[in-house]
Structure formats: C-alpha cells, structure tokens
Amino acid sequence: MHIVVCIKQVPATLDVRVDPVTHNLIREGTESVINSFDENALEEALRLREKFGGTVSVISMGPPQVREALRKALAMGADAAYLLCDRALGGADTLATAYTLAQGIRRLAPFDLILCGRHAVDADTGQVGPELAERLNLPQVTMVKKLECDGKTIVAWRECEEGTAVWELPLPAVVTVDSKINTPRYPSPIGIVRSAKKPLTVWTAKDLDVDEDQIGLKGSPTRVLRLFSPQRTSHVEILPGEPEEATRALVAKLREQKVL
Amino acid sequence: MQEIWVVAETYQGRLAPVTLELVGKARTLASGAGGKVTAVLLGSRVTELASELIACGADTVLVADHPELALYRTLPYARVLTDLIEARHPDVVLFGATSQGRDLAPRLAARLRTGLTADCLDLSFDKDGLLVQTKPSYGDNVMVDIVIPRHRPQMATVRPHVFPAPEKDAGREGRVEVVPVHLEQADLVARVREVIAEVEEASKLEEADVVVAGGRGMGSKENFNLLYQLARALGGVVGATRPPVDEGWIDAAYQIGQSGKTIAPKLYIACGISGAVQHTVGMEKAKVVVAINKDPSAPIFNLATYGIVGDVREVIPALIAALGAHK
C-alpha cells in the first residue's frame, strides 16, 4: 500500500495577538510543530503500513523551515518526504494550496490512500482535504474518528449532527482524521537516527508542472481585508466570601437575571 | 441584485437550526442590498419542509428530491449543487459550519474554482457589494475579514448559533421549484452503512438551557460526579473540556469546544476550567457564564459574568445547598 500523508507546519502556540497599530500578527515564540491532527493522520498511515506493508510518503507545502516538520515525520516512521517550496507558491489560500499539493501528489502515483488532519489548528479551515480530493477526482470522507481498511475499501466512522455516520468507500480515497482516531507515537531514538538517511526531496513550482494562474496569491480567490482582535471586555463580577456566602449571592443574581 | 443561496441541512425530516439562522441572516442581508434569498433543499421526501424555509425568509426554495439524497454523501450533493450553481449563477452560497457543510462546501468550491471562507462568525456587504466574511483564526485569538473579489459564487460556512433564529411568518409568500436530479454512477461510490444515534443525553447537551461543565481542575472522577448533582439541582446537562475526557471521567460525546460540541445555553457553569481557547470556542455564545476556579487569574474569568474564586469541592456542594434553600 502507498499512503500519502499531507502535513502542515504550524506555530507551537496559538497565543497570538494583533498589533493595534500595525495590524500585524504578534506571535509569542517562533517554535513550530506539525499540526496535531496531521500527526494523527501520520500515525494512522503508519499503523496501516504495519498491517499491509508498503510505503508512507509525507508531503507539505511551505517555506524551507518546513524541513524540520518533515524530518520529525520521517523520525516517526514515514519512508520519504516531499517539500513543495517556491516563492511563487507563497500567499496561497486553500484552493491554491490544494491544487499545488494535488500536483505534487500526482508525481507520487500510484497511491492507495491520502490522509490529512481534519483541519490545521492555526487557520482552522479544514478545506484543503476536500479541495484536494476534488482536484485529484477521488472520493472523500472527513473528520474520521475510526478507520478500518481491507486494502481495497475503507470503512470510516465520522461524527455528524445525529451521532456517527459509518461510510464505506473504495480506494483510492482522501480521508481527513480527527484526534479521536489514535494517539500519535513519539519518534524513537532509533527512528531519529534512521530518519537522517531517509530521502527529503524539495520540489519547486517548475518541478511540479503547475499552471501559474492557479498557484500562490494569483491562484487564490480569497483576499484578507484585515486582521483584528476579537472584542473581549471582561465584565466579571467576582462574588466574595466563603463558599456559603458566595453561592447564596450567586443564586440571588441568577434569579435576578431570570436564568433560574 | 444580490442572489443569496442557503444550502439547507436536514436531520430526521427536520430542518437544522443553523439552516433557519442562515435563511434569517440572508434575508437581512438581501433586504439591505435589494437582493433575493434562495434556499436549496436536498434530500428524500423533503418537499414539505419548503414552507418553513419561506416562513423564515426565503423567496424561492429549490427542492432536489431523490432517494439517493436521503442521507448526506459528498459526491451526490456536490453534483446537484454544481449543476444548479452553474445554471443560475448565485452571488453568494452559504452553508452551516457543520460536519456536512464543512465537508461539502470545500468540495464544491474546488469544483467551481471559487473562494470559500470557513466557520464565519459574521457576514456583511461592503459598499461595492462584496461579501465581507469574518472568521476566527488561531483558536479565536484573531479575527480576519475576508473577501472574494473576482470569483463567483462567494462561498462561506457559518458557525451555528451566531445568528438568531428568525421569527417565522406563516403568511409569507414564496416559490417552490422542484429541480431535476441527475446523478452519475461515479457519484455513488461511497455508501452510508448506517447512522448510529448518539447517547441521547449527550445530544441534549447542544440544546440544553443549563450546562454544568467540568475541567481538569475537578481533580478526579469522584469529584467530577459532583457536577451531576449540580446539574440535577439546576435541571441541566453535564459537559466537559478535553482533559476529563482523556482521563476517562466522562465520554467524549460530552466534550465542548474545538473537536467537540458548540453550545449556546442560557446558563453555563464552568467548574475547574481554566478557559483555554480550544474549549471556549465551544461555549462563548452562552448567555450567562459562571466560573468557579481556585486560580483568580484563570482566563475563564475574562469570559464569565459571575465568578467565585474557590475550591470546586467546597463551592459546588455549597451551591447545591444554596439552590435547595431557595426552592
């Protein structure tokens, strides 16, 4: 089985603010990690490889420092990593990102399964997985919390408004996974040593045979108008005193507000 | 003229609350811009729901009724909507940011080669008639205004509970049009084997007026059980942040927040919850928030209406007693 896992490098902390004057993002710290849901996707791929044999490829689009994330994925157990890296790819929204990833993944054919995280924790769109499925003309199932596979078809449990829907799809397919699906492993010391010898290939826009009008900012239909801080004014009324006194005051307030 | 479409969602023969909220919002947007609201209703034997969409503000309801559309699947739904959008060119297409909407909308956006904004908290038209879509980023720490200047339709998924449910006007007039459904064999490759209904209590969480939620600060499964006593005293439902779920104190179906449920109760009591954004994105629409935490600097107090600084093991029993004394 050949499984391709899409990963995104994200900031280690979501603790960001908008500078009130410049409107730029102020990030606390510069450490980056693999998006947590993508680690779940990689873990699921590694488990399937343990069962069926085969190859796990990881692919990402981003600046040169994304190598770090790909190295970690190799240390966790992926066999080969691919970084789509080119200034021309910068400023891409989800549509352009999905197109570019699809062009990269086509070069990895044949493949049986493409796994992604359900969304990236920074931008929180969850759009690249389904957009990628469309660009590759494959069926999709998203937000999957349990997956079974017999090598030809998959059965996927996905949360829906009514409970859990159980889908059955033929391979190849695109699956995005929820954190409930598994607990990702840590890279083992031997895994880290071995990863240094595994291939990490960098492809530029030219290598990918992309249509220039569909990549980067040019290929992105959406435009960011502005960033701003959410209105968060605290009006909390702290009820003082011992628990008996404080809770009596609370019950009185809640009755006043007619929520009791 | 702005033509605004809302893709309706149904469960078990009823319209989803977010669909009605979106039709109401689309009505407000359309009225300000001299536009029209169209709801697209997909399913099997759903035609009779069209009148409710009209009562909520739709001018037209397009009904795609077909046995293969009975349960949501990406490809058949995407096929029907692609055909309709390519034939009629709406300016705006809105979806609920539900498990269905967030699966379907990006598939469609890629097929139509247009822009899509996820999980919007607000929508408005700017002076040029462009849809300004406000979405959170970085776990709601940052808000972003996004526009789609040149591609059509402008698409967005919108988080449930952010817009009020509209008043229904049973006398409102609208047009119901049944549209043909053409599916190809390739659209039917995925099959839904079954839909397992959730534990009943857990699904009540999203509709409960009172939610009592516990976090890591509850300390143990035994302490966590205090929450059920409090919920009983208030006629409410118990929910949790992620750590109690990971600890096995409560089932994952009761998790509130990112990768859990989004709720908007009248009263939300946060017990031993620090207030990490991954949790608060799921409860910030609560009307009255009470925070009980021994750490006075816990971020949850910034969201709270009332706060009690103290140990949950002392404050919760006292609160149960105080509720009893008032009855």
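The values are calculated or read from the model by the stated rules, or taken from the named source; none is laboratory data. None of the values given here were measured: they were computed from a predicted structure. Please note: Cβ atoms are built from the backbone with ideal geometry, for glycine as well, and neighbour counts cover all protein chains shown.
Overview of values
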{"item": "Some residue of the stretch B:264-272 being in the same structural domain as B:GLU86 (by TED's automatic domain parsing), in contact (Cβ under 8 Å) with a residue 40 or more places away in the chain and touching a His at 6+ places or on another chain (Cβ under 7 Å)", "result": "no"}
{"item": "When residues of the stretch A:195-233 are limited to those that are within 12 Å of chain B (Cβ to nearest Cβ) and in a helix (DSSP H, G or I), the one surrounded by the fewest Cβ atoms within 10 Å (Cβ to Cβ)", "result": "A:ASP213"}
{"item": "In the stretch B:275-304, the residues that are crowded, with 20+ Cβ neighbours inside 10 Å and among the hydroxyl-bearing types (Ser, Thr, Tyr)", "result": "B:THR280"}
{"item": "Odd one out for A:ALA78 among (1) closer than 20 Å to A:GLY151 by Cα; (2) without any contact (Cβ under 8 Å) to a residue 60 or more places away in the chain; (3) crowded, with 24+ Cβ neighbours inside 10 Å", "result": "(2)"}
{"item": "Residue under evaluation B:VAL238, criteria (1) more than 10 Å from chain A (Cβ to nearest Cβ); (2) among the aliphatic types (A, V, I, L, M); (3) surrounded by fewer than 23 Cβ atoms within 10 Å (Cβ to Cβ), criterion not met", "result": "(3)"}
{"item": "Given (1) of a type in the set (D, E, K, R); (2) touching a Gly at 6+ places or on another chain (Cβ under 9 Å); (3) over 29 Å from B:GLN258 (Cα atoms); (4) free of Cβ contacts under 8 Å to residues at least 12 places away in the same chain, index of the condition A:ASP150 fails", "result": "(2)"}
{"item": "Residue in the stretch A:234-255 that is among the acidic types (Asp, Glu), facing another protein chain (nearest Cβ under 7 Å) and not in a loop (DSSP other than H, G, I, E, B) present", "result": "yes"}
{"item": "Test: residue in the stretch B:149-157 that is crowded, with 22+ Cβ neighbours inside 10 Å and either facing another protein chain (nearest Cβ under 8 Å) or modelled with pLDDT under 95 (or both)", "result": "no"}
{"item": "Search result, residues across the stretch A:178-193 that are closer than 23 Å to A:TYR82 by Cβ, touching a residue at least 60 places away in the same chain (Cβ under 8 Å) and not in a loop (DSSP other than H, G, I, E, B)", "result": "A:GLY191, A:ILE192"}
{"item": "Elements of type helices (runs of 4 or more DSSP H) in the stretch B:224-327, at least 2 residues being among the acidic types (Asp, Glu)", "result": "B:242-247"}
{"item": "Options B:PRO244, B:PRO317; residue that is at pLDDT 90 or above, more than 20 Å from the chain's Cα centre (by Cα) and surrounded by fewer than 19 Cβ atoms within 10 Å (Cβ to Cβ)", "result": "B:PRO317"}
{"item": "Lone qualifier among B:THR74, B:THR38 - being within 14 Å of chain A (Cβ to nearest Cβ), crowded, with 18+ Cβ neighbours inside 10 Å and touching a residue at least 12 places away in the same chain (Cβ under 8 Å)", "result": "B:THR74"}
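Let's see how each residue does on (1) under 30 Å from B:ARG159 (Cβ atoms); (2) more than 7 Å from chain A (Cβ to nearest Cβ); (3) over 20 Å from the mean Cα position of the chain (by Cα):
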site: B:SER259; (1), (2), (3): yes, no, no
site: B:THR262; (1), (2), (3): yes, yes, no
site: B:PRO265; (1), (2), (3): yes, yes, no
site: B:GLY272; (1), (2), (3): yes, yes, yes
site: B:ASN302; (1), (2), (3): yes, no, yes
site: B:LEU323; (1), (2), (3): no, no, yes
